[in-house]
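*Asks:* For reference, the structure I am asking about is given below.
Taken together, the values in this text are just the output of simple stated rules run on the coordinates, not laboratory data. Just so it is clear, the model here is predicted, and its values are computed rather than measured.
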Amino acid sequence: MPDIQIQESGSGEIQAIIELAWKIWPLWYEPIIGPEQVVFMLDQIYNSDAISDQIDKGQAFYLVSLKEKKVGFFSINPGKDSTCRLEKLYLLPDFKGNGIGKLMLLQAENLAASSSNKMQLNVNRFNPSLEFYLNQGYKIVSEVDIPFGPFFLNDFVLEKEIQIAQ
């Protein structure tokens, strides 16, 4: 897809990440976890201070644009023991199903493969995206219930061996 651009984002693009998250999360997550938990999590994770803190702690954010329009983002965290974490991968609903998400994931894996041989991520057990990750070669390695404020994140932990794509 020649019109797709993926660029690492810095502190100057935090507002674009916040705006995308607030557009994507309610549509995607309200049917799974409800509006109250969605707003709580957005308030906690997607504000300027929280994103700046995530960047300061080593998480790298990448904005994805199609024909100059910002349509999604992802972030990776180097992690430990040669395992990189895919912390976020979000795409506006209108752009799903045309290979952009797969391209985003492949780019994240390529970036991670320079220093890691494994990619790990969490996905809500009821998230339809689970099928996407399984189709990309990820395997469920555990099931976790993580306290998050007054809520719980009911996730699967997924993992995949990675290498730089040629």
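*Asks:* Which values, in whole Å and largest first, are the semi-axes of the equivalent ellipsoid of the chain obtained as the square root of 5 times each eigenvalue of the Cα gyration tensor?
*Replies:* 22, 20, 17
*Asks:* Filter the DSSP H helices in the chain by two things, a Kyte-Doolittle mean of at least 1.0 and an axial alpha-carbon span of 24 angstrom or more, and list the hits by number.
*Replies:* For the chain, where a helix must reach 24 Å along its axis and average at least 1.0, there are no hits.
*Asks:* Could you tell me which of the pairs Lys69/Lys160; Lys57/Lys96; Lys69/Lys102 are separated by over 28 angstrom between their Cα atoms in the structure shown?
*Replies:* Beyond 28 Å: Lys69/Lys160; Lys57/Lys96.
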